[in-house]
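Here's the structure we're looking at; comments come further down.
All of the numbers you see were taken from the coordinates with simple rules; none came from a lab. The structure presented is a predicted model; accordingly, all values stated were derived computationally and were not measured. As a convention, Cβ positions derive from the backbone with ideal geometry for all residues, glycine included, and neighbour counts pool all protein chains shown.
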Amino acid sequence: MDNSPKTESIKNLIENIDKEIIVLPEFQRDFVWEIGKTYDLFDSLIKDIFIGSIIYGVPSFEITARELDKRPRKGEGSRKKLKLIHFKKDEVEREAKTSGFRLVLDGQQRITSIYRALKGMDEVWFVSRNLDELPHQDFSKFKLEDLLYEFTGQEEVERLSIKMSDVYETMTNYFLEEEIKEKFFNKLKFLETKDYEERTNQFRTYLTIRRNLEQFLNADKLLSFYLLDTSAEKFSLFFERSNSKGIQLNFIDILAAKLYVGFNLRSEVESFESSNNGYELNREIIVRAISFLVSDGKNVQKSYILANLNAQHFNQYWKKLCEFYKQSIDFLYKNHFILSQSWMPYQNMLIPLMLFLSEIKDFSQMNEKQFDFIRFWYWASIFSERYSGSSNEVILQDSKILQQVAKDSRVTDKSYFQKLKLQVEKFEEVLSYNKKGSAIYSGFLNLVNYEAEGLIDWKNTSKLSFNSRLEDHHIFPKEFLKTSYKENEDALELVDSVANRTLIPKITNIKIGKKSPSQYLPELEESNPEIRRSLAQHLVPEETIEGLYDELYTIFLEDRARKMFELVKKYVIDEREQIISDFYTEQQIVDSPDKQLARITP
């Protein structure tokens, strides 16, 4: 397909929308433009100001599309459901060849605004300048841009006005001049104070402007567009990379439109979350797990998913995998691997865990050695940043490994353990992690919780719950450090270090404010006499409450970083050899019958 820029007329655009040749993908965001933007759009078109290119796509896969929004902006019918149309792959191919069928990938707001104005859903009036506002009175020599006073939503009483939908109606129904005069012109409020001669002159002006507007709507080169012939993966990438406004779309949204008739993915997600209060369903996790099962453990890439997964696969696996998803999160929380779902370092790690569960059916059925492997794999994966970047191959490999472990089979690839090489090899490196987006950063915060077997709050002795609104609190508050250590650049560079952070409820964090630890911790102790036990769980030295570290911030960080690194050593470094001993075996090479015979024949 020729991907070079092309042009079309507004009239042609409207006709193709009415014929359902131009439609929207089902997942496109709603029409949201306020009417003022429509006025600005027509003003730009009349003045030949570039409004950006419209981008269409011809998909190479089945998809559900919907009509453009033709509903009234308010009142009766404003919430009516838009019509959906499902196209099978062969229907898309046929319609593309015979009628020029295409989907709007970018430009929905502009296209819908134009359509609504010309079909009368929105009133858009071309208001003309008066004769005395023009340098001469020969209308035929003026461009529309010269004649335009403004675009607005109602007729102007003091100026000649023409409704854009009237222009489109006259040009598509071929009205005679007398019919135009009777149906449209004579009804203008502008004429109420005009005598016969003035009305006659104004009608000539009206016809001149109307003809110019017809030519404007018929101009072949008015709208610029690109037509892309897109595979499912390219279709997905277009939305992921270009849709910077409105909702963020990814390949799951395209998949949802593809599956829509046989499996309503959005509805199933809503059903899960309404039935499981407090849990957020990561759609991509379930989809990739389905892909793993359908491909027999060979593929979880988006290109494969979009090209091969169908509604039957989702009907077969969705509900069971959603159960495994919830059970896996429950397992991680109840065993203190995570404080909450939102603080899980890598969501994709749920996929191997779910497939491990698919083999043993229930986490209560795993033996102690299997639990030891899960624990080692979990923390080693986080602190080796195994799931950073593209993780498709990692998901495949880990899912197969965990399935083997679930079956009490041994790992035959020793290089697998080498891939779990830690990024943190000494306590000083702990200090460098200071960003929430880092898996190691959140990994440390969760590892502290694991060692404590569930952290307790600072306000009381209750354990932090799964649904707690947790924040990574600065133990030494930012504002305190900026004031007390303003001359110490080394200290200020470590303000956000994970060694100065711990997870506590948001409300507690707000109340602490800018105070030093020796100020706010005694205040908390008044309401919670067990605060020192809580501090110990959070690996905060007890001396902090007594002010010992107020002037020794960097020493505090080093002391806490040592304790945090000791946990990595305890659960990963010191466990590695035992895990390899328990779960690795050399692959046995089986000789062919001829080689076996040769070995025993004299």
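Here's the picture: charge each Lys and Arg Cβ at +1 and each Asp and Glu Cβ at -1 in the chain, and of ILE290, MET349, TYR549 the one pushed furthest to the positive end of that dipole is ILE290.
Which order results if VAL261, VAL405 are arranged by neighbouring Cβ count within 10 Å, fewest first? Intermediate values should be presented prior to the final figure.
Numbers: VAL261 13, VAL405 23.
Ranking VAL261, VAL405 by Cβ neighbours within 10 Å, fewest first, gives VAL261, VAL405.
For a paramagnetic label modelled on THR7 (point 7 Å from Cα along Cα→Cβ), amide N atoms under 14 Å away belong, within the stretch 26-59, to 45-54.
Given the peptides 406-413, 572-579, 157-164, arrange them by the average over their residues of other C-beta atoms within 10 Å, most packed first.
Values: 406-413: 14.0, 572-579: 15.6, 157-164: 18.4.
Per-residue Cβ counts within 10 Å, averaged per peptide and sorted highest first, yield 157-164, 572-579, 406-413.
For the listed peptides 22-32, 175-185, a ranking on the average number of other beta carbons within 10 Å per residue, highest first, reads 22-32, 175-185.
Spin-label pair GLU546-ASP330: with each label point 7 Å from Cα along the Cα-Cβ axis, the two points sit 4.6 nm from one another. Take the Cα of GLU359, step 7 Å toward its Cβ, do the same at GLU526, and the gap between the two points is 5.7 nm. All distinct Cα pairs of the chain go into the 1/r average, and the inverse of that average, the Kirkwood radius, is 29.8 Å.
Farthest towards the positive end of the charge dipole of the chain, among the residues ALA452, ASN335, TRP33, is the Cα of ASN335, using unit charges on the Cβ of Lys, Arg, Asp and Glu.
In this rough spin-label picture, where each label sits 7 Å from Cα along the Cβ direction, the ASN315-ASP40 distance is 4.7 nm. Residues whose amide H falls under 5 Å from that of LEU105, counting only those 5 or more places apart or on a different chain, are ILE55, TYR56, GLY57, with hydrogens built in the peptide plane. In order along the stretch 176-192, phi translates into HN-Hα couplings of 6, 4, 5, 5, 4, 5, 6, 7, 10, 4, 5, 8, 6, 5, 4, 8, 4 Hz, rounded to whole numbers, per the Karplus curve 6.51 cos²θ - 1.76 cosθ + 1.60 with θ = phi - 60° and x for Gly and Pro.
Would you mind computing the Rg to Rh ratio of the stretch 428-580 from its alpha-carbon coordinates, Kirkwood style for Rh? Before the final figure, lay out the partial values.
Details: Rg = 15.3 Å, Rh = 15.9 Å.
Over the Cα atoms of the stretch 428-580, Rg/Rh equals 0.96.
For the pair the stretch 19-81 and the stretch 419-485, the centres of their Cα atoms are 46 angstrom apart.
Between their Cα atoms, which of LYS326/LYS463; LYS334/LYS569; LYS320/LYS414 are more than 25 Å away from each other?
Working: LYS326/LYS463 21 Å; LYS334/LYS569 23 Å; LYS320/LYS414 33 Å.
Table pairs above 25 Å Cα-Cα are LYS320/LYS414.
3J(HN,Hα) couplings calculated from phi for the stretch 556-565 with the Karplus curve 6.51 cos²θ - 1.76 cosθ + 1.60 (θ = phi - 60°) are, in sequence order, 4, 4, 5, 5, 6, 4, 4, 5, 5, 5 Hz; Gly and Pro show x. Sorted largest first, the spans of the alpha carbon positions of the stretch 125-218 along the three principal axes are 34, 29, 25 Å. Under the criterion of Cα pairs below 8 Å and six or more residues apart, the relative contact order for the chain equals 12 percent. For VAL411, the residues 5 or more places off, or on other chains, whose built amide H falls under 5 Å of its own are TYR584, THR585.
For the stretch 249-426, take the convex hull of the Cα atoms, compute a quarter of its surface area, and give me that in nm², please. Before the final figure, lay out each step's value.
Numbers: hull surface 43.3 nm².
One quarter of the hull surface, i.e. the mean projection, equals 10.8 nm².
Residue pairs exceeding 24 angstrom between C-alpha atoms, taken from LYS435/LYS486; LYS459/LYS514; LYS426/LYS482; LYS459/LYS515; LYS119/LYS221: LYS426/LYS482.
With r defined as the distance between the Cβ atoms of ASN201 and GLU76 and R0 fixed at 51 Å, what FRET efficiency is calculated, to the nearest 0.05? Write down the numbers at each step before the final one.
Numbers: r = 41 Å, r/R0 = 0.81.
Efficiency computed from Cβ-Cβ geometry: 0.80.
Rounded to whole numbers, the Karplus 3J(HN,Hα) couplings from phi for the stretch 415-429 are 5, 4, 6, 5, 6, 9, 7, 5, 8, 10, 10, 8, 5, 4, 6 Hz, using 6.51 cos²θ - 1.76 cosθ + 1.60 with θ = phi - 60°, and x at Gly and Pro.
Sort 438-449, 55-66 for me by packing, meaning the mean count of neighbouring Cβ atoms within 10 Å per residue, highest on top. Each step should come with its number before you reach the end.
Details: 438-449: 23.3, 55-66: 20.9.
Sorting 438-449, 55-66 by mean packing, highest first, produces 438-449, 55-66.
Cβ crowding within 10 Å, taken as a proxy for footprinting-reagent exposure, orders ARG283, ARG73 from fewest neighbours to most as ARG73, ARG283. Positive-end ranking of TYR226, ASN201, CYS322 along the dipole of the chain, with charges on Cβ about the Cα centre, is headed by CYS322.
Close amide H pairs (under 5 Å, H built 1.01 Å from N) link THR7 with PHE225, residues at least 5 positions away or on another chain.
Evaluated with a Cβ-only charge set (Lys, Arg +1; Asp, Glu -1), the chain carries a dipole of roughly 1240 debye about its Cα centre, given to the nearest 20.
In a simple Cβ point-charge model (Lys, Arg +1; Asp, Glu -1; nothing else charged), the stretch 249-426 has a dipole of about 360 debye relative to its Cα centre. Take every DSSP beta bridge whose two residues both sit in the chain; close to 75 percent of them are antiparallel.
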